[in-house]
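Below are the structure tokens for one structure; questions will follow.
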Amino acid sequence: MPSQEEKQRRKAIQDELRRKDNAEKLAALPMPKEMLQVFFDYLDQQLEEHDCDDTLRFTQEFAVSHNLVSEPIKQWLGDYGGYCDCEALANVEEKYEGL
């Protein structure tokens, strides 16, 4: 069984890794962090009202309505398996929860 000192050391390592991971995720964002939840909420609302058409149609609409460049957003979503709006919500949102 590890000592209390060893447990603290391991926890400190885990905390540092988590901080680095979060910093990398924040650096990769193609929009301000404050807009991220607004974006995912918008997708959620649109997909409740409309079926996914296997495109990033709602992502494009969000980008235009918020004066964002859509190509970096589409690339970012694709990096995490979000090749359409429903995949963006299912695959990408969970990776960015809690930032």
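Every read-out reported here was derived from the displayed coordinates using simple, explicitly stated rules and does not represent laboratory data. What you see is a predicted model; the values in this text were computed from it and never measured. A quick note on method: Cβ atoms are made from the backbone with ideal geometry, for glycine too, and the neighbour counts reach across all protein chains shown.
So, by mean Cβ neighbours within 10 angstrom, what's the order for 39-52, 2-15 with the highest one leading?
Taking the mean over residues of other Cβ atoms within 10 Å, the ranking is 39-52, 2-15.
Okay, next question. Can you give the translational diffusion coefficient of the chain in µm²/s, computed by Stokes-Einstein from the Kirkwood radius over Cα pairs at 37 °C and 0.692 mPa s?
In µm²/s, the coefficient is 220.
Additional query: Let me check against my output: what whole-number percent is the relative contact order of the chain, with C-alpha pairs under 8 Å and at least 6 apart?
For the chain, the relative contact order is 27 percent.
Also, quick follow-up: If each residue of separation counts as 0.36 nm, what is the full-extension length gain between His50 and Val64 once their alpha-carbon separation is subtracted?
Between His50 and Val64, full extension yields an extra 3.2 nm.
Would you mind working out the magnitude of the charge dipole of the chain relative to its Cα centre, with +1 at each Lys and Arg C-beta and -1 at each Asp and Glu C-beta, to the nearest 20 Debye?
840
Compute the signed sum of charges (Lys and Arg +1, Asp and Glu -1) over the other residues within less than 13 Å, Cβ to Cβ, of Met31.
Cβ neighbours under 13 Å give a net charge of +1.
A further question on this structure: Under a cut-off of 26 Å between alpha-carbon atoms, report the lysines in cross-link reach of Lys25, not counting same-chain residues fewer than 8 places apart.
Lys11, Lys33, Lys74, Lys95
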